[in-house]
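Just below is one structure, and these are the notes that go with it.
Any read-out appearing in this document is the output of simple, stated calculations on the displayed coordinates, not a laboratory observation. Note that the structure is predicted; figures quoted are calculated from it, not measured. Here the Cβ positions follow ideal geometry from the backbone for every residue, glycine too, while neighbour counts run over all protein chains shown.
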Amino acid sequence: MHWYLDVLKKYAVFSGRARRKEYWMYTLFTVIAMIILAVLDNVLGSSPAITAIYELAVLLPSLGVAIRRLHDTGRSGWWVLFGIVPLVGGITLLIFTCLPGERSANAYGPDPKSAYSPA
């Protein structure tokens, strides 16, 4: 859960790097929340009001963590716009977010994995 909250604390931070775990745990919690809210929307008959509000609320944190994830792989955050291209863009971004990050410091900052100390 702290992975999700850490991304929300960095609400509109587009600089730096994000580990795969940070990106995918945030994505997992976001998808789970959207499913729960979609069910709630249908039960309350307010479809898609609650889900849309949540999607707007997490838009900037989602962009931020995606850009930081691309930075970790040594790519510019502008690659996130490639997701607009139907099919090819989404597959390419999926592959980029699954790749391991650079093991040393790059133009976007130090390796977040080496700076991480498990609690």
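Counting neighbouring Cβ atoms within 10 Å and putting the fewest first, the residues HIS71, HIS2 line up as HIS2, HIS71.
Counting beta carbons within 10 Å around each of ASP41, ASP72 and listing the fewest first gives the order ASP41, ASP72.
Counting only other residues whose beta carbon sits under 12 Å from that of GLY77, what net charge do I get with K and R as +1, D and E as -1? Its environment carries a net charge of +3. Cβ-to-Cβ counts within 10 Å put ARG75, ARG68, ARG103 in ascending order as ARG103, ARG75, ARG68, the fewest first.
Between MET1 and ILE95, full extension at 0.36 nm per residue minus the direct alpha carbon distance yields a gain of 31.4 nm. Compared with the alpha-carbon gap, the fully stretched path from ILE32 to SER76 is longer by 13.0 nm at 0.36 nm per residue. With a cut-off of 13 Å between beta carbons, the residues surrounding TYR4 carry a summed charge of +1, where Lys and Arg count +1 and Asp and Glu -1.
Secondary-structure-derived ellipticity at 222 nm for the chain, considering helices only, amounts to -18500 deg cm²/dmol, per-run term -39500 (n - 2.57) for DSSP H runs with n ≥ 4.
What the phi angles of segment 70-86 give under the Karplus curve with 6.51, -1.76 and 1.60, with θ = phi - 60°, is a coupling list of 5, 4, 5, 8, x, 9, 5, x, 5, 4, 4, 5, 5, x, 5, 5, x Hz, glycine and proline written as x.
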